[in-house]
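The structure appears right after this line, and notes come after that.
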Amino acid sequence: MNIIINTTIWFLIGACLLNIMTICVFRTGFVYKSRKKDGTLNKKMSFTGFLSFLIMLILILIFFIAFDYFAFKNIGQIKYIWVLLMNFLLLLLLDFYDAFIIDIFVLTKWKP
């Protein structure tokens, strides 16, 4: 039961981080730098685009490492399959939140 509570808490933390990231990305105009005027993507990714992609990957890894550390530190012997399943569940929940809440809000209400 403790792992479900930890997963819920980390989902809420991840959802807040996704909201902050979405606001920052659209407010700074970073999304528009990678696109042409007609809305299609540029053919070549800029160095700052590559760097931001790399930083985002590192931040996602840090988030999941922190989740694993804090969610499983007080549990004795735990099987790897449970860690894998809980990481998958958290990733799936955050993906659904991003797809159905953030994207729908951004595309239908905010329309940056």
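The values are calculated or read from the model by the stated rules, or taken from the named source; none is laboratory data. Remember, predicted model here, so these are calculated numbers, not experimental data. So basically every Cβ, Gly included, is an ideal-geometry build from the backbone, and we count neighbours across all protein chains shown. Only protein heavy atoms, including side chains, enter the accessible area calculation; ligands, DNA and RNA are left aside. Shrake-Rupley method; radii C 1.70, N 1.55, O 1.52, S 1.80 Å.
Only helical runs count toward this figure. For the chain, summing -39,500 (n - 2.57) over DSSP H runs of n ≥ 4 and dividing by all residues gives -22500 deg cm²/dmol at 222 nm. Each of [x] 3.47; [y] 1.16; [z] 1.29 is a candidate for Cα Rg over 2.2 N^0.38 Å; the one calculated from this structure is [z]. Projecting the Cα positions of Gly14, Tyr69, Asn87 onto the charge dipole of the chain (unit charges on Cβ atoms of Lys, Arg, Asp and Glu, taken about the Cα centre) puts Gly14 furthest along the positive direction.
Of the solvent-accessible surface of the chain, computed with a 1.4 Å probe over protein heavy atoms with every protein chain present, carbon and sulfur atoms account for 74 percent. The alpha-carbon of Lys109 sits under 16 angstrom from the alpha-carbons of these aspartates and glutamates, leaving out residues fewer than 8 places away in its chain: Asp98. What the chain shows is 78 Å² of accessible area per residue, with the surface traced by a 1.4 Å probe over protein heavy atoms. Using the average count of surrounding beta-carbon atoms within 10 Å as a protection proxy, the listed peptides 86-96, 56-66, 41-51 rank, highest first, as 86-96, 56-66, 41-51.
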